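Every number in this text was worked out from the coordinates using simple rules, so none of it is lab data. Keep in mind that what you see is a predicted model, and the values were worked out from it rather than measured. Cβ sites come from the backbone with ideal geometry, for glycine too, and all protein chains shown count toward neighbours.
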Amino acid sequence: MIEVQSLTRRYGRATAVDEVSFHIGNNEIVGLLGHNGAGKTTVMRMLSGYLEPSSGTINIGGLALDSNTAAVQRELGYLPESLPLYPEMMVADYLDYAATLKGIPRGQRSGAVHQAIMATDLGKRAFDPVATLSRGLKQRVGVAQAILGRPRLLILDEPTNGLDPQQTIHMRRLIQRLAHQATVILSTHIMQEVDAICDRVLVLRHGKLALDTRLDSLRRSRTLMLRTDNAAESLTAYLRRLPQVASLQQHADGDNRSRYAMTLHENADIDTAANNIAQCAVKAGARVYQLQPVLRGLEAVFHEVNSDES
């Protein structure tokens, strides 16, 4: 769906985005993370065609963005962080106006507006002035304008910003439904949002792509932690001889306890390794208090990537 190669954007001597490359497939939900100033908004503006890159290429749906801007933008929906809504307009009128700006033909406009209203559950508020809506409903209006014409790519900047917990849950469900027909790029400061709905995460740091990984891969642990008593001096030697264990660290845990952190080889089966570790403990005569995977969450990984920043 999206192929980005060596994307760079400079403002004078300052480089906002520096040689960023990534590929996003059809119907993926991809989270875009980074501290303020990391380059997220600049990347989204370049993907939308609003901002030209200093160098690099963007291909969306097999079309080069620089030479097919209008065609690509017809297949794209964009929700900026601060969407300019017209408070005096009714929701349906605003969406009709947005459909006109998007170039949706007059004969298709009414149907496109109806589809967007139904997809975002705004049917009961379609004839209400935008000024009377809550923050959550205004965000839904923003998403509705983004999905006019059933675009194949949606770029959403902070879609849950300022929403209460119930509104946030509704927005998450809406984004997941939209991904059935579109690829979604979601930029947010809230890592729980990415954890909850995204398939993949891209982390920008100082304009560079610092991490590109699938969340299911991130959650897959390659480290097992074993807690035992200190009675079995031979346990360490047994554990080091296991074929699944790539490295081992032992720590005193206090109260006559020891903790072993074992990183497994890439091709090792974690269940087989856990069984062998338990058998080693039994053979060494150690009491097993705990044996479990060490899981790294997205927040921990994000802080590792940005470990030298406050």
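When only alpha carbons are used to place a centre, region 59-77 and region 88-110 end up 21 Å from one another. The long axis of helix 135-146 is offset from the longest Cα principal axis of the chain by roughly 70 degrees.
Extent along the principal axes, Cα only, for region 222-294: 35, 22, 16 Å, with the longest axis given first. Relative to the dominant Cα principal axis of the chain, helix 106-119 is inclined by about 40°. If you take the Cα centroid of region 135-160 and the Cα centroid of region 39-57, the two points sit 19 Å apart.
Taking every DSSP helix (H) stretch of at least 4 residues in the chain, weighting each as -39,500 (n - 2.57) and dividing the sum by the residue count yields a mean residue ellipticity at 222 nm of -10000 deg cm²/dmol. Separation of region 179-207 from region 260-303 is 30 Å, based on Cα centroids.
Translational diffusion coefficient of region 36-107 (Stokes-Einstein, Kirkwood radius from Cα pairs, 20 °C, 1.002 mPa s): 151 µm²/s. With springs connecting C-alpha atoms under 10 Å apart, model the chain as a Gaussian network and identify which of S54, S247, S21 has the largest mean-square fluctuation. Among S54, S247, S21, the largest mean-square fluctuation in the Gaussian network model of the chain belongs to S247.
Across region 222-294, the mean sequence separation of Cα contacts (distance under 8 Å, 6 or more residues apart), normalised by length, yields a relative contact order of 50 percent. Based on every Cα atom in region 102-179, Rg and the maximum pairwise Cα distance Dmax equal 12.5, 39 Å. With the highest mean first, a sort of the peptides 129-136, 55-62 on other beta-carbon atoms found within 10 angstrom per residue produces 55-62, 129-136.
Ordering Y94, Y50 by the number of other Cβ atoms within 10 Å of each residue's own Cβ, fewest first, gives Y50, Y94.
Working from Cα pairs under 8 Å separated by at least six residues, relative contact order for the chain is 19 percent. Dividing the Cα radius of gyration of the chain by 2.2 N^0.38 Å, with N the residue count, gives 1.28.
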